[in-house]
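> Before we start, here is the structure in question, set down as structure tokens.
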Amino acid sequence: MDQASQEIEQLGERVEQILATVRRLAEENASLHEQLAASRDASEHLQRRVDEARERVQAALARLPASRTSTATEVGTPDGHATETTDDAPGDGE
């Protein structure tokens, strides 16, 4: 085989490799488009659920009685429990 025939043969092999790569990338691209669509659907579904939950919480908050009007206030403690203090609580131990 002469040099020209070898070059043509090599070019043909290279074209086949490129075509295989193009096919693989096209399949991967289609798969990624499907995954993206599924992710968008899932995201939209979750957003609807969050919106519905927000509406339920807001409705529940609207049904709660008005806050107390006394001088007592709740103060959080470091352990996460609420304690009640009043404006007339003893000060410096006097």
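> Assuming R0 = 41 Å, what is the FRET efficiency of His45 and Arg14, from their Cβ-Cβ distance, to the nearest 0.05?
Details: r = 46 Å, r/R0 = 1.13.
E(calc), rounded to 0.05, equals 0.30.
> Enumerate the calculated ³J(HN,Hα) couplings along the range 3-18 in order (Karplus 6.51 cos²θ - 1.76 cosθ + 1.60, θ = phi - 60°), each rounded to whole Hz, writing x wherever the residue is Gly or Pro.
5, 4, 5, 5, 5, 5, 4, 5, 5, x, 5, 5, 4, 4, 5, 5
> With every protein chain left in place, what is the accessible area of Asp51 in Å² (1.4 Å probe, nearest 10)?
Surface open to solvent at Asp51 totals about 60 Å².
> To continue, here is another question. Suppose accessible area is computed on protein heavy atoms with a 1.4 Å probe; arrange Glu55, Glu7 from highest to lowest. Could you put the intermediate results ahead of the total?
Values: Glu55 120, Glu7 95 Å².
My answer, sorted largest first, is Glu55, Glu7.
The values are calculated or read from the model by the stated rules, or taken from the named source; none is laboratory data. Predicted model, so just to flag it, every value in this text is computed and none were measured. Glycine also receives a Cβ, built like all others from the backbone with ideal geometry; neighbour counts cover every protein chain displayed. The accessibility values were calculated without ligands, DNA or RNA, using every heavy atom of the protein model including side chains. Shrake-Rupley method; radii C 1.70, N 1.55, O 1.52, S 1.80 Å.
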